[in-house]
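First comes the structure, then the notes that go with it.
The values are calculated or read from the model by the stated rules, or taken from the named source; none is laboratory data. Values in this document were obtained by computation on a predicted structure and should not be read as measured data. Don't worry about glycine lacking a Cβ; one is built from the backbone with ideal geometry, like all the others, and counts go over all protein chains shown.
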Amino acid sequence: MQVSIRKLFLVLLIIATTCFASNPAGYKNPIISGCHPDPSICKAGEDYYLVTSSFEYFPGVPLFHSKDLIHWEQIGHCLTRTSQLSLDKCGVSGGIYAPTIRYYKGIFYMITTNISKGNFIVHTKDPAGEWSDPVWLQQSGIDPSLFFEDDKCYLTVNPNNTIYVSEINPLTGQQLTTNKAIWTGTGGRYPEAPHIYKKDGWYYLMISEGGTEYGHKVTIARSKNLDGPYDSNPANPILTHSNVNAQWNPIQGTGHADLIQADDSSWWMVCLGFRPQAGQHHLLGRETFLAPVKWDTNAWPVVNGNGTIDVNMNVETLPCQSIIPPALSSDFNENKLGFEWNYLRNPQEQNYTLTERPGFLRLKATTVKLDDIDSPTFVGRRQEQINFTATTSFEMFRSQNGDESGITVFMNNNSHYDLVLHKEPNGENKILLRYRLGEMTHIAKEIKIPKEKVAFQVKGENNYYSFAYSLDGNSYKNIDKMDARFLSSETAGGFTGIYLGLFSTSESKISKTYADFDYFTYMPDNK
Ligand code: 6LW
């Protein structure tokens, strides 16, 4: 008996030491970097799940898992089938807007908006597995959210700059009560992103206002009744970087938030924000950030003390868990791509294969170009740091006049920088560094090379993207650098962020051209 108590004490001592030794006195924001806007979070037992918007990219609604709110691992997507997500010809920044994820009595629900088709719900008992086909809602507006109480489900949504609530059946989408207007916010433009929480007998309605740029803010109201009337928090906004106390903060545009309570009863907020670079430009899109919330009994929630957040966050404690290293490189040895890889709209799956030449990603060219509002042979992953180095090596086969393959720094169909291997009419192979910016397209550099085999390197360097090539995969020769500002959200518009994409296109409808990509490396430079 004595021995086992001593052993138990030693084990507990080791766990406690390990936990506090590795448990950060804080964490770094964003918790999910790159284009991951409009975060929504739920908790099932000890597990947290988080979803973000995905717009014209497929699969849709990336799904993340964590046990400590800091370290997140992508475990898949909610929308993985065309029957759930038809993006055919959907416009730039079209497709999937803000999702909400909720867990109630063993079932996970994800509700979102396909902006050209309406609001819909999918559900599952296994979030990492398949989600159901959609049930469509008749209510209009965007940023739909669900609130469950006493086996009833309530929808909040924001048509006509007003937050409405109604009871629905979440498994059929049937509306069960009429829409009741419950709040219009504090007067900010675009009242959106509504979520309802029940605490201390109060129904709290949290929204975002001001638009998703520098004027963004989170506001909250409460009522003793779910359908109101709601009284606004006198201390609104509870989160904003639009005031002087955040004018130099490297995070801007904070808003679109969701709240969650941890096992230790502490409250936390996830929200979106963006990180300007190259002056007042941001390229990574809106990212997901975390903030501690002080929410005393019968009190209003207070976010991180003063309603602003930082890159380096100092907090008391968070449950400590092992750190899950992010997928930084792909050597294409697996028989399917990692979750970080996305297609533009619904892909023609026969044009992508990892098995025809094991160890290579084969992209089969079609005549759909990067400029087309369509689905080119393109697969990309988000740029997640301002400073990074990406490399890829590939060989093109059976190419004809005008066919090309390469890497693109892609904001959207109208805004991208491409580094390509291009087959000339006379059969020569040329490296082209080319930009497409709105109506303008221009070849900035041309370099003749002997073979259809090359390695490309792209570096993100705050104000610039720099491009280089190598014929031996080791020594790189600089080609040129391009101004990052012209691809920013401020210049290009839209709701997305930069993707680094691999692609292959042809001039011929009967093209046999394909490119075999040997690897893709993405190395953050967290300066
Ligand atoms: C989303 C809206 C918003 O539906 O941007 O920042 C829209 N907030 O709530 C698209 O992300």
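When the stretch 43-76 is limited to residues that are in contact with a Lys or Arg (Cβ under 7 Å, 6 or more places away or on another chain) and under 30 Å from Val92 (Cβ atoms), the one that is nearest to the ligand (Cβ to nearest atom) turns out to be Glu56. Within the stretch 413-431, not a single residue is at positive phi and of a type in the set (Lys, Arg). Pairs meeting the criteria (first residue in the stretch 435-452 and assigned to a strand (DSSP E or B), second residue loosely packed, with under 11 Cβ neighbours inside 10 Å, beta carbons under 6 Å, at least 6 apart or on different chains) are Tyr435/His442. If you scan the stretch 242-260, which residues turn out to be hydrophobic (A, V, I, L, M, F, W, C) and free of Cβ contacts under 8 Å to residues at least 60 places away in the same chain? Listed by number, the residues that qualify are Val244, Trp248. Taking Ser242 as the residue in question, decide whether it is within 16 Å of the ligand (Cβ to nearest atom), of a type in the set (Ser, Thr, Tyr) and part of a loop (DSSP other than H, G, I, E, B). Taking the combined requirement at face value, the residue satisfies it.
Among the candidates Thr100, Thr113, the residue that is without any contact (Cβ under 8 Å) to a residue 60 or more places away in the chain, hydroxyl-bearing (Ser, Thr, Tyr), within 16 Å of the ligand (Cβ to nearest atom) and crowded, with 22+ Cβ neighbours inside 10 Å is uniquely Thr113.
Put simply, of Tyr214, Tyr204, Tyr164, Tyr190 the only residue that is within 30 Å of Ser265 (Cβ to Cβ), in contact with a strand residue (DSSP E or B) (Cβ under 8 Å, 6 or more places away or on another chain) and either not in a loop (DSSP other than H, G, I, E, B) or not charged (D, E, K, R) (or both) is Tyr204. In this structure, does Thr219 turn out to be without any contact (Cβ under 8 Å) to a residue 40 or more places away in the chain and within 16 Å of the ligand (Cβ to nearest atom)? Yes: the conditions hold for Thr219.
Each residue in the stretch 352-389 was checked for being over 14 Å from Ser330 (Cα atoms), in contact with a strand residue (DSSP E or B) (Cβ under 8 Å, 6 or more places away or on another chain) and hydrophobic (A, V, I, L, M, F, W, C), and 7 pass.
Checked against the criteria, Asp296 does not count as at pLDDT below 95 and either of a type in the set (Ser, Thr, Tyr) or surrounded by fewer than 19 Cβ atoms within 10 Å (Cβ to Cβ) (or both). Check whether at least one residue in the stretch 410-432 is part of a loop (DSSP other than H, G, I, E, B), touching an Asp or Glu at 6+ places or on another chain (Cβ under 6 Å) and farther than 24 Å from Asp516 by Cβ, and report yes or no. The answer is yes, given that some residue of the stretch 410-432 is part of a loop (DSSP other than H, G, I, E, B), touching an Asp or Glu at 6+ places or on another chain (Cβ under 6 Å) and farther than 24 Å from Asp516 by Cβ.
Table: residues versus (1) of a type outside the set (A, V, I, L, M, F, W, C); (2) within 16 Å of the ligand (Cβ to nearest atom); (3) without any contact (Cβ under 8 Å) to a residue 12 or more places away in the chain.
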| residue | (1), (2), (3) |
| --- | --- |
| Pro170 | yes, no, no |
| Ala181 | no, no, no |
| Thr184 | yes, yes, no |
| Tyr197 | yes, no, no |
| Trp202 | no, no, no |
| Thr212 | yes, yes, no |
| Ser223 | yes, no, no |
| Ala235 | no, no, no |
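Given the criterion in a strand (DSSP E or B), within 16 Å of the ligand (Cβ to nearest atom) and in contact (Cβ under 8 Å) with a residue 40 or more places away in the chain, identify the matching residue among Leu284, Leu272. Going through Leu284, Leu272 in turn, just one is in a strand (DSSP E or B), within 16 Å of the ligand (Cβ to nearest atom) and in contact (Cβ under 8 Å) with a residue 40 or more places away in the chain: Leu272.
Within the stretch 430-442, being surrounded by 13 or more Cβ atoms within 10 Å (Cβ to Cβ), within 22 Å of Ser488 (Cβ to Cβ) and among the aliphatic types (A, V, I, L, M) holds for Leu433, Leu437. Being surrounded by fewer than 22 Cβ atoms within 10 Å (Cβ to Cβ), at positive phi and either in contact (Cβ under 8 Å) with a residue 12 or more places away in the chain or not hydrophobic (A, V, I, L, M, F, W, C) (or both) is a property that Asn304 has.
Among the residues here, Cys35 does not qualify as assigned to a strand (DSSP E or B) and surrounded by 21 or more Cβ atoms within 10 Å (Cβ to Cβ). Residues that are surrounded by fewer than 21 Cβ atoms within 10 Å (Cβ to Cβ) and within 15 Å of the ligand (Cβ to nearest atom) within the stretch 140-154 comprise Ser140, Ile142, listed in sequence order.
All conditions in (1) over 30 Å from Pro376 (Cα atoms); (2) surrounded by fewer than 19 Cβ atoms within 10 Å (Cβ to Cβ); (3) at pLDDT 95 or above; (4) not small (Gly, Ala, Ser) hold for Glu316, with the sole exception of (3).
Checked against the criterion of being aliphatic (A, V, I, L, M), crowded, with 17+ Cβ neighbours inside 10 Å and within 20 Å of His256 (Cβ to Cβ), the candidates Val135, Val165, Val122 yield just one match: Val165. Only one of these is within 16 Å of the ligand (Cβ to nearest atom), hydrophobic (A, V, I, L, M, F, W, C) and more than 30 Å from Ser232 (Cα to Cα): Val122, Val135, Val92, Val157. Name it. Of Val122, Val135, Val92, Val157, the one residue that is within 16 Å of the ligand (Cβ to nearest atom), hydrophobic (A, V, I, L, M, F, W, C) and more than 30 Å from Ser232 (Cα to Cα) is Val92.
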